[in-house]
Amino acid sequence: MSEDQQPGGPQPEPLRFFGTTWVEHDGGYAARRVGVAAGSLVAAAAGAFVLLLAVQGLAVSESGGLLNTLLIAAFAICGFLAFRRTWTGFGHRPEPVADEAAEKSMRSIRAIGFVGVLLAYFFRSFVEAPGEKLLRAEYEAEREAYERRRAARTGNPAGRGGPSARKRKRR
């Protein structure tokens, strides 16, 4: 256990695909970042291929050019919104009560625009583990608060002299 992770002190929150390797950048952190980048890019390409098959299937049905255009526009807009929401989610946690309704309404948009979510993971993994900046800031703040509280308690409480020490002094 490193000096940053004292027993009794704040513990880092595990990150999806990375566990707690993001704290010290150890335990295969670089390989995991490469794996997340490659995996998300492959999954985004596969998702785009599936969407292409869906659009081609609609074109084969000869339903009209307007419907094809609307479908492509819907996938593009949902993909953009999902990308933006995922990207901003790496930087801050949503308010539990205020954003609950917004998160619920975004589920369907994220499901349709899943390629945007995967691309957000791909691009973010070039900079850091997706979500690392947020967790690092929270962890550092918790550690600083813990150290301040710990420094305020000076000395060993057992050596301060409890009731038995006072009795010995009286004798």
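A Förster radius of 22 Å, combined with the Cβ-Cβ distance separating residue 16 from residue 111, puts the computed FRET efficiency at roughly 0.75.
Distant-in-sequence amide contacts of residue 128, defined by a placed amide H-H separation under 5 Å and a gap of 5 or more residues or a different chain, comprise nothing.
What percent does the relative contact order of region 1-90 come to when contacts are Cα pairs within less than 8 Å and at least six residues apart? Relative CO of region 1-90 lands at 11 percent. Taking all protein chains into account, the per residue accessible area for region 28-128 stands at 62 Å² (1.4 Å probe).
For region 81-145, which whole percent of the accessible surface, found with a 1.4 angstrom probe, sits on carbon and sulfur atoms?
Result for region 81-145: 62 percent of the exposed heavy-atom area is carbon or sulfur.
Placing R0 at 22 angstrom, the Cβ-Cβ distance between residue 126 and residue 25 gives a FRET efficiency of 0.90 after rounding to 0.05.
For residue 46 and residue 149, the difference between the fully extended length at 0.36 nm per residue and the C-alpha to C-alpha distance is 32.0 nm.
Evaluated with a Cβ-only charge set (Lys, Arg +1; Asp, Glu -1), region 1-145 carries a dipole of roughly 640 debye about its Cα centre, given to the nearest 20. Applying the criteria of a DSSP loop state and at most 10 other Cβ atoms within 10 Å to the GluC sites (Glu not before Pro) of region 62-110 yields 62. In terms of its alpha-carbon gyration tensor, region 23-96 comes out oblate; a/c meets the 1.5 threshold, while b/c is at least as large as a/b.
The values are calculated or read from the model by the stated rules, or taken from the named source; none is laboratory data. Computed from a predicted model, the values in this text were never measured in an experiment. Counting neighbours? That spans all protein chains shown, and the Cβs are built from the backbone with ideal geometry, glycine included. With ligands, DNA and RNA removed, areas are computed over all heavy atoms of the protein, side chains included. Shrake-Rupley method; radii C 1.70, N 1.55, O 1.52, S 1.80 Å.
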